[in-house]
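See structure below.
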Amino acid sequence: MTARLDAETLANIPDKRGHFGPYGGRFVSETLMSSLLELEAHYEKLRIDPRFQDEFDRDLADYVGRPSPLYFAEHLTRKVGGAKIYLKREDLNHTGAHKVNNTIGQALLAKYLGKPRIIAETGAGQHGVASATVAARLGLECVVYMGAEDVQRQALNVYRMKLLGATVKPVTSGTRTLKDAMNEALRDWVTNVDDTFYIIGTVAGPHPYPKLVRDFQSIIGREARLQCLEKEGRLPDALVACVGGGSNAMGLFYPFIEDENVEMYGVEAGGLGVSTGRHAAPLCAGRPGVLHGNRTYLMEDDNGQIMSTHSISAGLDYPGVGPEHAWLKDIGRANYVAATDEEALEAFHTLTRVEGIMPALESSHAIAHAMKLAGEMDRDQVIVVNLSGRGDKDIHTVANLDGIDLS
Amino acid sequence: MSRITPCLKALNEAGKSALIPYVTAGDPNPSATVEIMHTLVKSGADIIELGVPFSDPMADGPVIQLACERALVHGTSLQNVLDMVAEFRKTDDKTPVVLMGYLNPVEAMGMEVFIEKAKASGVDGVLTVDLPPEEADDVVPRFKEAGLDAIFLLAPTTTNERIKSAVAHGSGYIYYVSLKGVTGSSALNIDDVSQQLARIRGLTDMPVGVGFGIKDADSAAAVSKVADGVIVGSALVNTIAENADSSESMHGQIGKLIGAMRSAMDQ
């Protein structure tokens, strides 16, 4: 089914209690409720406060370096031989990924709320680095929870966070990855609600997080829309972005949501292949459930226990997904597909070799699907891919897979 | 009506508070749980909170997280937990049993199926940690129809407005979380608790159980002076974990902890 997404429908997405159709909501213990209500009340005031918006815009321009370019990947386009591929260069942001758009916004919220301490969860470490960065700048104490397994595979980012003055706490419970880091951050928050602001890194979690993270990340799509009109004189035919929790995808998609002729593709981590069960693709192969404060598609077993996931990329290694994506899937507005570890790795090498741009392994999933898609489209059509982060952090992983020891 | 309200009423008339121990079902292994429940009753428990293990227990501290992990190693499912309650009911038709856990395993089974099975197994109440009143509008009437109590949490940060909402949705008793933190956190402050209970009692006649931070006979006795129910979780789960190797010492130590709490509370 397809819903016509007019302004009126969209104004109520999410509704007052944070529901995107049947998804989203605020499924948390009572111990967190007062903090969420406080955050929501402040955010609703600040999002229409010109002083707050001016400060946010100024930081994005002067500190992050926005707008990020929309780059015509001419060589990749020629290699594929189909639609024109444009890359939205979020990898050129300060700290090297789209994550900073959101941490700038949430750190400003923390400042306005008078909270001296911030906490964050991180998978690949990009959100942790982006949080530690804004904390350093604003003089806030910063604690980052990171699965013990991810601490190992993202040693470089762990060290970056430490240099920035953050405390990185390895999480050894459960599957020792992103979902467990999020559990631990939530536990910290309940214990330290009075002085602590929790900077969630993606469009998931309890209301109002999916909405506010989407709002902060929407700068990506707003810029891309204008830039595409400028360069091509029309809107793109398709948007492609990788989806773990889904913040870079939501940021790109949202400003195009009423443009029915713009197709949207969210690319999940297909791991060893969706049919093997060893993946992180809840929209492609999961079912609805409740985790981390929201109802959404999850990877769970028959008994409702959350399953361990697999992806080459730590940033996509998450068993859930933002509730707005779940809703966009159900109403048929966006398409969700998967790219395997192998396809992502191949895309990583291809983009590096033909464009001289080394993408993050997360973003490589989007590149992989965009190449597939472009080949099936006409030469006068246009695809915008969100190049959500740069690949420097993944050099060790790629080297290991190629059998090269860098240590 | 479930067994909970008559149980609390009788205790209240006798001038006593309810002792409500929590154990995670399936910990240390699924075959141990029913026997542990009987030991709890023999040692002085009035109501049993039986934890349904979940892979991501966000509101729990390390002690109960590890209990969940141990139970899940043995594949303890919600269906297994319901079977344990049915087994317990064969020899104890009196002690109320409350299932405590997270929403996802219940939704995976299907809410309707769960309610039907819970009722048939002899469950009296259900406390779903991550289902606040505003998300429970549809569920609560179905619980009531089935004669199951929906038990909600209150926290030190809960506003009066939210207390009223929790009371309007819930029945049986209300669970007051005595401190800001996860289960197994540091000791509670009894003065804070009694002030908060006075505030809650100004808004409802529903019995109030207090949990989080009750570790021993002294803290149980102190809380029993102000609360209708004293809930002990991590201290008990820890005792089980420390004595998991020997069934005899495990039951002995459970009896000692719960027995000491009971006599301290009744003095």
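A short reminder: the numbers here are calculations on the coordinates, not readings from a lab. Please read these numbers as outputs of a predicted model, since none were measured by experiment. Cβ sites come from the backbone with ideal geometry, for glycine too, and all protein chains shown count toward neighbours.
Structure data summary
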{"item": "Net dipole in debye of region B:191-267 [+1 Lys, Arg Cβ; -1 Asp, Glu Cβ; about Cα centre; nearest 20]", "result": "200"}
{"item": "Peptides ranked, highest mean first, by Cβ atoms within 10 Å: ranges A:165-172, B:101-108", "result": "B:101-108, A:165-172"}
{"item": "Cross-link partners of B:K225 among aspartates and glutamates (Cα-Cα below 12 Å; sequence separation of 8 or more within a chain)", "result": "B:D191, B:D266"}
{"item": "Relative contact order (percent, whole number), chain A, Cα cutoff 8 Å, 6+ residue spacing", "result": "21"}
{"item": "Extreme residue, positive dipole direction of region B:4-266, given options B:I64, B:N189, B:L131 (C-beta unit charges)", "result": "B:N189"}
{"item": "Most fluctuating residue given options A:H396, A:H19, A:H365, as computed from a GNM of chain A linking Cα atoms under 10 Å", "result": "A:H396"}
{"item": "Among beta bridges that DSSP assigns inside the protein assembly as shown, antiparallel share in %, nearest 5", "result": "20"}
{"item": "Average other protein chain Cβ within 10 Å of Cβ, residues A:111-124", "result": "0"}
{"item": "Dipole of the protein assembly as shown [Lys/Arg +1, Asp/Glu -1 at C-beta], most positive-end residue of A:I395, A:C242, A:A130", "result": "A:A130"}
{"item": "Peptide A:18-31, shielding by other chains (average Cβ, 10 Å cutoff)", "result": "5"}
{"item": "Ordering of B:203-211, B:46-54 by burial proxy (mean other Cβ atoms within 10 Å per residue, highest first)", "result": "B:46-54, B:203-211"}
{"item": "All lysines inside 24 Å of A:K84 as judged from Cα atoms, apart from same-chain residues fewer than 8 positions distant", "result": "A:K231, A:K372"}
{"item": "Cross-link reach list, lysines versus A:K45, counting only Cα pairs under 25 Å and skipping chain neighbours closer than eight places", "result": "A:K16, A:K99, A:K111, A:K115, A:K211"}
{"item": "Cα centroid separation - region A:11-80 against region A:98-147, whole Å", "result": "14"}
{"item": "Chain A: most fluctuating residue of A:A97, A:A224, A:A136 per GNM, C-alpha cutoff 10 Å", "result": "A:A136"}
{"item": "Among B:T157, B:V226, B:V140 - extreme Cα towards positive end, dipole of region B:4-266, charges at beta-carbon", "result": "B:V226"}
{"item": "Shape of region A:188-304, Cα gyration tensor, a/c cut at 1.5", "result": "oblate"}
{"item": "Gyration tensor verdict on region A:263-407 (Cα atoms; rounded if a/c is under 1.5, prolate if a/b is larger than b/c, oblate otherwise)", "result": "oblate"}
{"item": "GluC sites (Glu not before Pro) lying in DSSP loop within region A:236-278, provided at most 14 other Cβ fall within 10 Å", "result": "A:E258, A:E260"}
{"item": "Total charge dipole magnitude, region B:4-266, about the Cα centre, Cβ charges on Lys, Arg, Asp, Glu only, Debye to nearest 20", "result": "600"}
{"item": "Cα gyration tensor shape of region B:4-266, rounded if a/c is under 1.5, else prolate or oblate by comparing a/b with b/c", "result": "rounded"}
{"item": "Euclidean distance of C-alpha centroids, region B:92-114 and region A:270-294, integer Å", "result": "25"}
{"item": "Peptides ranked, highest mean first, by Cβ atoms within 10 Å: ranges A:63-71, A:27-35", "result": "A:27-35, A:63-71"}
{"item": "Shielding by partners, peptide A:296-304 (average Cβ within 10 angstrom, other chains)", "result": "5"}
